[in-house]
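All remarks here apply to the structure that follows.
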Amino acid sequence: MQQDYQPRDIEAKAQQHWHERQAFRAVEDSTKPKYYCLSMFPYPSGKLHMGHVRNYTIGDVLARYHLMKGYNVLQPMGWDAFGLPAENAALANNVPPAEWTYSNIDYMKRQLKLLGLGIDWSRELTTCQPDYYRWEQWLFTRLFQKGVIYKKLATVNWDPVDQTVLANEQVIDGRGWRSGALVEKREIPMYFFRITQYAEELLAGLDTLDGWPEQVKTMQRNWIGKSYGVRFAFPYTLDGRDEKLWVYTTRADTIMGVTFVAIAAEHPLATRAAQGNPELAAFIEECKRGSVAEADIAIMEKKGTDTGIRVTHPLTGEQVPVWVGNYVLMGYGEGAVMAVPAHDERDFHFAKKYDLPIKPVIVPESWKGVAVDPDRITAGRSKTDALSGEELHRVSPVFLNTVTHDAISWVSWHEQYAREGVCAESGKYNGMTQSEAIDAIAADLAACGLGEKKVQFRLRDWGISRQRYWGCPIPIIHCPACGDVPVPDEQLPVVLPENVVPDGAGSPLARMPEFYVCVCPKCGGKAKRETDTMDTFVESSWYYARYASPGSTTHLVDKKAAQQWLPVDQYIGGIEHAILHLLYARFFHRLMRDEGLVQGDEPFRNLLTQGMVVAPTFYRVAGGGKKQWINPADVDLDTDPKGRPTAAKLRADGQPVVIGGTEKMSKSKNNGVDPQAIIDQYGADTARLFMMFAAPPDQQLEWSDTGVDGAHRFLRRVWRAAHDHVALGVVAPYSHGELSAAAKALRLQLHLTIQKVDDDIGRRKTFNTAIAAVMELLNALAKFDEPGLAARSVVQETMEAMTLLLAPIVPHISQALWAELRPGSDLLDQPYPQTDLAALVQDEIELVIQVNGKLRGSLQVPRDTDKAALEQMALAHHAVQKLLAGATAKKVIVVPGRLINVVI
RNA sequence: GCCGGGAUGGCGGAAUUGGUAGACGCGCUGGACUCAAAAUCCAGUGUCUGUGAGGAUGUGAGGGUUCGAGUCCCUCUCCCGGCACCA
């Protein structure tokens, strides 16, 4: 009896069945290879968004695929539950962050279950619960005692009105998001993880990560930023004392071109120079305004002030001015840089702005030893002025020793030359290449005790103190007598009180004596508990390990469980985490390794970074020019006969709206599509199928209502094809015997499809092309209507294989169809389909004929036709004959199995 | 600003190792079925040109390498992600 495809019923039934069978419960099993499949856990922000659906569907497809392939699969889920949005919600709605968070978790968990994810829910973890963060605190105290964690001053955004520290996100155009006050920089004490101690190892480890996208590894490499340079000093005398101003440079070869030194506003020398220099003091004060975000600093107008201090160039002995520059970062290198305007873009603009000298000392290598055209260079500026610098050295290459100073400085004045070259006007270093010059200069600096070669990292230590309430308390007790004392094991966890509503003015913990008043564990004296909490990145840096034994009350992770499951075989998450989260997790894995908790160096063997989900935007301009964003679901589109959108109307009032760009789904643009609505209307399988089909996983995915219709239509076609077949009675799938040409062709396509889908999901992870191949197979099956038992056995084989190939992607409908195709058996027990190599053998193949690389025809030839025969056939082809017009071909290229190209 | 990525029909995308550009899906056009609509099915669908067979052209722009380039190299434009306190 045939019935329509009813996703609601079959999905509920399938989910119930999986639940009863405990189908996704992960247990230790040494007889099968393990596959730990992990999707980045969600922040419980309210309800699931499409990005979550995409992320978790990708993970689920891979988990279910590996389950069918015979792996022992672990796919857990949890909640990254501490964070700023809970505090924002608390401010807006006057609810404690805990309550808001827990109710979001309840709701989102129900939604995840409706998606039909094959998750082992018995391992669920929530980072804001004491049984989780207790182990974070435990690890913190270990690392603190080891010296991996230490305290130092760090710069933060300070809102002078709200009297609170602001996250970068809360600084908008240099002002506090709530108060609108100009943000200031302020230095406060913070705890730091010594991640720089692991910089070398984190860098080297990238080379072992074959399963990571090259782009992510490149970003991490650049972030760690290992550079080989020279640290050296400019001596000076101040207040009668001899001192040294240290700088770091990767371009020591340009040292002879130094015309000033720039230091950060926070540099101690700047502070000293500002005493008795009101202009400088004012400038330093000005530098304190604005956010600490590097992107903000980088796009700022470059400004500076002369300190009046002069230092001595270590090689030339010249006096060089010291400037304070707002573009020099205190946190990198020495907080001071040598400035070579002729060969550094920032220095160049700075020098032009303040009329500082520009002294070129590097020329392109092509200038060396090439014939001179003195007329072009020396005859005067009238000629060279007309040429750009690039043209100058292209048109008139010159001997190094005959380059006039004028010519070089003309080039450099108009465009700095930051690339590699050879030294000029550099005395004894003239003519040296970059590396020769760096060696020679470093040696000379070392000889006078003013410098040495040094390896430097861009990576900075990780400050984890947050002056916020909704986070993991830092387990430190401040004792006036004993200093910073870690909370002893038996007093852990330091529990965060959950019934607190923050008010946006600093951390409420700092105003709760019941939280912070305590006794020193060392001396028993009166002490104060630390009220800062940890960066939420700390929780997400080790949760993957906790999933191995989430319930352990005695260990951070049970040793046997860690051995069974770690490392993660496949990690899936947004590309926006390419650097910070993934680097911190790699760092934490090493910290845990060094504590003897886990084995191996890397936490994630394979990584898939998924793209964003985007959607069209629509708006109206309300009074005051403010855009009022309208949800795409409420808009009707008019199109021209070609399907191009011409106008959009709000359905509610029929009046036009403006069509905006296609942007990331977000609340602010009101272009989010609620996954719940899609699941309610079409079912989870349609939502999953559309997500996997619309784009490859690592690219952005554009939401399309009609695309969802198309996905649903395909599932209905599969449903109908299966039922049409079953209605005539199921038969045994094809195993052997003679077949018609059409049946053979169908089997050929079937087994090519199995091969492709297996490869697309297992190796390439291009789910969109896997689905397209199954769609083509269904199209072929629909055209095949041969009677007879042999033909029906091929249809049975095709239908069964198609159901199994689709099972990881659309598990509910597959579960239901399998039960009809093989009454009494359970899809959960089926292995992945295997390619029958015998079905792939073809007698004839098609070859393409090209003339000069252009398609001109094709040939059907027996599979093993030899090259000479192919050339003959191609030359005899009428299209080739026509173009040859009696002449002979210059050359014939045969690409076996593909094409023949005749060159004429 | 710095680092990383992307750009292919009306739209999402395919082309896996330099070898038939546009698979698959959406949309659109025409047809069948229907009193009608929905659903479904069939055919067509890059652009220009031609009655047609066909021809020319075409992968963000410009140049290059090659028998052959969406794919490799150089220069440029625009869009997206990250930039250490959003997660």
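All of the numbers you see were taken from the coordinates with simple rules; none came from a lab. Just so it is clear, the structure is predicted and the values come from calculations on it, not from any experiment. Every residue, glycine as well, gets a Cβ built from its backbone with ideal geometry; the counts of neighbours run over all protein chains shown.
When a/c reaches 1.5 or more, the comparison of a/b and b/c decides; with that in mind, is the range A:437-589 rounded, prolate or oblate per its Cα gyration tensor? Walk me through the numbers on the way to the answer.
Working: a/c = 2.04, a/b = 1.34, b/c = 1.53.
Oblate, since a/c reaches 1.5 and b/c is not below a/b.
Going through the cross-link list A:K353/A:K454; A:K867/A:K891; A:K226/A:K454, which pairs have a Cα-Cα distance over 21 Å in this structure?
Details: A:K353/A:K454 32 Å; A:K867/A:K891 13 Å; A:K226/A:K454 10 Å.
With Cα atoms farther than 21 Å apart: A:K353/A:K454.
Explain nothing, just compute: Karplus ³J(HN,Hα) = 6.51 cos²θ - 1.76 cosθ + 1.60, θ = phi - 60°, for every residue of the range A:46-58 in order, whole Hz, x for Gly and Pro.
After applying 6.51 cos²θ - 1.76 cosθ + 1.60, I find x, 9, 4, 10, 5, x, 4, 4, 5, 4, 6, 5, 4 Hz.
Which pairs break 31 Å Cα to Cα here: A:K288/A:K669; A:K69/A:K664; A:K34/A:K113? The partial results should precede the final answer.
Values: A:K288/A:K669 33 Å; A:K69/A:K664 35 Å; A:K34/A:K113 24 Å.
Check vs 31 Å cut-off fails for A:K288/A:K669; A:K69/A:K664.
Taking H as built 1.01 Å from N, whose amide H comes closer than 5 Å to the amide H of A:A424, not counting residues under 5 places away?
For A:A424, the qualifying residues are A:I362, A:V363, A:G431.
Within a 10 angstrom radius of the beta carbon, how do A:C128, A:C518, A:C287, A:C448 rank from fewest other beta carbons to most?
Working: A:C128 25, A:C518 17, A:C287 22, A:C448 12.
Starting with the residue having the fewest Cβ neighbours, the order is A:C448, A:C518, A:C287, A:C128.
Would you list, by chain and number, the lysines whose Cα falls below 23 Å from the Cα of A:K352, excluding same-chain residues fewer than 8 positions away?
Reachable lysines: A:K302, A:K303.
For chain A, taking Cα atoms only, what is the radius of gyration to one decimal and the Dmax to the nearest whole Å?
Expressed in Å, the Cα Rg and Dmax of chain A come to 34.5, 107.
Over all distinct Cα pairs, what is the inverse of the mean 1/r for the range A:188-345, reported as the Kirkwood hydrodynamic radius in Å?
About 17.7 Å for the range A:188-345.
Would you please give the residues with an amide H less than 5 Å from that of A:L608, counting only those at least 5 places away or on a separate chain, with H modeled from the backbone geometry?
Answer set, sorted by chain and number: A:Y571, A:I572, A:G573.
I'd like the Karplus ³J(HN,Hα) series for the range A:498-514: coefficients 6.51, -1.76, 1.60, θ = phi - 60°, whole numbers in Hz, and an x wherever there's a Gly or Pro.
After applying 6.51 cos²θ - 1.76 cosθ + 1.60, I find 9, 9, 10, 10, x, 10, x, 10, x, 7, x, 4, 5, 10, 10, x, 4 Hz.
Is it possible to state the helix-based mean residue ellipticity at 222 nm for chain A, with each DSSP H run of 4+ residues giving -39500 (n - 2.57), the sum divided by total residues, to the nearest 500 deg cm²/dmol? What is it?
Details: 29 runs with 323 residues, N = 904.
Mean residue ellipticity at 222 nm (helix-derived): -11000 deg cm²/dmol.
So what's the gap between the Cα centers of the range A:316-354 and the range A:673-719, to the nearest angstrom?
About 55 Å separates the Cα centre of the range A:316-354 from the one of the range A:673-719.
Distance from the Cα centre of the range A:764-793 to that of the range A:836-881, in angstrom?
The distance from the Cα centre of the range A:764-793 to that of the range A:836-881 comes to 27 Å.
Test of understanding: ordering A:V361, A:V165 by Cβ neighbours within 10 Å, fewest first, what list do you get? If you can, show how the numbers build up before the last one.
Values: A:V361 26, A:V165 19.
Result, fewest neighbours first: A:V165, A:V361.
Each residue of the range A:833-839 in turn: what ³J(HN,Hα) in whole Hz from Karplus with 6.51, -1.76, 1.60 and θ = phi - 60°, glycine and Pro shown as x?
Once rounded to whole Hz, the list reads x, 10, 6, 8, 4, 4, 6.
If you stretched the chain out fully between A:D759 and A:D207, how much longer would it get, using 0.36 nm times the residue separation minus the C-alpha to C-alpha distance?
Numbers: separation 552, 0.36 × 552 = 198.72 nm, distance 2.50 nm.
Gain in length upon complete extension: 196.2 nm.
Mind listing the long-range amide H neighbours of A:A154? Cut-off is under 5 Å, sequence gap 5 or more, other chains count too, H placed in the peptide plane at 1.01 Å from N.
Sorted by chain and number, the residues that satisfy this are A:I188, A:M190.
Subtract the Cα-Cα distance of A:E702 and A:A741 from 0.36 nm times their separation in residues, and report this length gain in nm to one decimal.
Values: separation 39, 0.36 × 39 = 14.04 nm, distance 4.13 nm.
Extra length from A:E702 to A:A741 when fully extended: 9.9 nm.
Arranged by the count of other C-beta atoms within 10 angstrom, fewest first, what order do A:E846, A:E602 take?
Sorted ascending by nearby Cβ count, the order is A:E846, A:E602.
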